[in-house]
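Trainee: My questions will all concern the structure given below.
The values are calculated or read from the model by the stated rules, or taken from the named source; none is laboratory data. Note that the structure is a prediction, hence the values are computed from the model and not measured. Glycine gets a Cβ as well: all are built from the backbone with ideal geometry, and neighbour counts include every protein chain shown. Accessible surface areas use protein heavy atoms only, side chains included; no ligands, DNA or RNA. Shrake-Rupley method; radii C 1.70, N 1.55, O 1.52, S 1.80 Å.
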Amino acid sequence: QKRYFAYCYLNIIFERALMQEAMFYESLENKEVRCRLCPHYCKVANFKRGICGVRENREGVLYTLVYGKAISYAIDPIEKKPLYHFYPGSNAFSLATVGCNMHCLHCQNSDISQFPKERGEIEGKNLSPEKIVLLAKKNNCKIIAYTYTEPTIFFEYAYDTARLAIREGIKNVFVTNGFISEEALKRISPYLQAANVDLKSFSEDFYKKICGGHLKPILKTLELMKKLGIWLEVTTLIIPTLNDSEEEMRNIAEFIVNLGKDVPWHLSKFYPHYKLTNLPPTPVHILHRAREIGLETGLRYVYTGNVPGDKGENTYCYNCGKVLIKRYGYYIEEYNIKDGRCKYCQARIDGVSV
């Protein structure tokens, strides 16, 4: 029995040596900890994990279980994120680990985002921050995108990678649900140049029932990102019967225009997936009406997504109305911006390297 306990103790010591201590937590009594990475602020008992499934308390020390463990990485067009006003036409080295701090019933990447919670396991290929930056450079990627799952839950991994990337002249972007603490966002902001934030609804009830999150912290994240100078684009997946009313679209549009009329809004078509297979795809006319509402509200750039060939994929000059960037899916077919200005009327076009 003594040998068994000694073995268990040595095994814990060995695992600790392989794991990375988490950032943003505080110690409590009885070896409990309070995670402060996201607005869940999980109280985590000894040898338990937080809601994300990838941060574990070991004897009063909170560890990230996914540091250096990439479950998915690829080279994508930046338009796939979607980011239409941040180095358009560029390639991004995309990276993810397993895990998420929400459990959206319609998640398109549920096989990896919910893996730790549904399987209780951590998977991923060992890929160091140094190796990620090297691969990005080797493949001529100007950008590293932390995406596919939720970058907040692999914060330490993203943070170390982002700092190295900046030294090599590579930009960093988050594709995120926006459910991150103010402290964490401020910490990474010097190394984060852009973000696409999912504003899934303007209803707290939707966030609680469909996503396992809350609305107000996400609105605060959007406001803080804008204040910190992070280039910001917003995406709303329009789901029939759940968040597709004109009233909701107008509420979202009015919030975004208060952030800035230069903030692009992406309206994406829903397809049945994961636990929402009982709903139909979003009718295209709903997307078109939502786009009209966004433009009527005063937004300069409103896009439709998941509808290849739709006119809403294009970037139009807010001043003269001409097509500036013609797209088909994630690819650019025509580009009429020079030195950040409309080629036709010389209006200044909002964005980074546009």
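Trainee: Could you say which residue among Ile132, Ile112 is β-branched (Val, Ile, Thr), out of contact with any Asp or Glu (no Cβ under 8 Å at 6 or more places or on another chain) and open to solvent by less than 10 Å² (accessible area, probe 1.4 Å)?
Mentor: Ile132
Trainee: Also, I was wondering about something else. Does Ala22 meet the test of being among the small types (Gly, Ala, Ser) and either open to solvent by 70 Å² or more (accessible area, probe 1.4 Å) or modelled with pLDDT under 95 (or both)?
Mentor: So Ala22 fails the test.
Trainee: Would you check if there is a residue in the range 180-198 being of a type in the set (A, V, I, L, M, F, W, C), closer than 26 Å to Leu279 by Cβ, open to solvent by less than 20 Å² (accessible area, probe 1.4 Å) and at pLDDT 95 or above?
Mentor: Of all residues in the range 180-198, those of a type in the set (A, V, I, L, M, F, W, C) come to 180, 184-185, 188, 192, 194-195, 197.
Among the residues that remain, those that are also closer than 26 Å to Leu279 by Cβ are: 197.
Applying the additional criterion that residues be open to solvent by less than 20 Å² (accessible area, probe 1.4 Å) yields 197.
So of that shortlist, the ones also at pLDDT 95 or above come out as 197.
Yes, some residue in the range 180-198 is of a type in the set (A, V, I, L, M, F, W, C), closer than 26 Å to Leu279 by Cβ, open to solvent by less than 20 Å² (accessible area, probe 1.4 Å) and at pLDDT 95 or above.
Trainee: Moving on to the next point. Any residue in the range 281-301 that's within 10 Å of Ile238 (Cα to Cα) and among the small types (Gly, Ala, Ser): show its pairings with residues that are crowded, with 20+ Cβ neighbours inside 10 Å and at pLDDT 95 or above at Cβ separation under 7 Å, as long as the two are six or more apart or on different chains.
Mentor: Ala290/Ile238; Ala290/Met249; Ala290/Leu267
Trainee: Let me ask something additional. Quick one: which of Gly229, Gly260 is more than 19 Å from Ser110 (Cβ to Cβ), surrounded by fewer than 19 Cβ atoms within 10 Å (Cβ to Cβ), within 19 Å of the chain's Cα centre (by Cα) and modelled with pLDDT of 95 or more?
Mentor: Gly229
Trainee: Confirm whether Leu62 is more than 25 Å from Ala194 (Cβ to Cβ), surrounded by 14 or more Cβ atoms within 10 Å (Cβ to Cβ) and either touching a Cys at 6+ places or on another chain (Cβ under 6 Å) or at pLDDT 95 or above (or both).
Mentor: yes
Trainee: Out of curiosity, is Glu79 in contact with a Pro (Cβ under 8 Å, 6 or more places away or on another chain) and either open to solvent by 10 Å² or more (accessible area, probe 1.4 Å) or acidic (Asp, Glu) (or both)?
Mentor: Yes.
Trainee: Please count how many residues of the range 146-179 are open to solvent by 10 Å² or more (accessible area, probe 1.4 Å), under 18 Å from Thr64 (Cα atoms) and of a type in the set (D, E, K, R).
Mentor: Number satisfying all stated conditions: 1.
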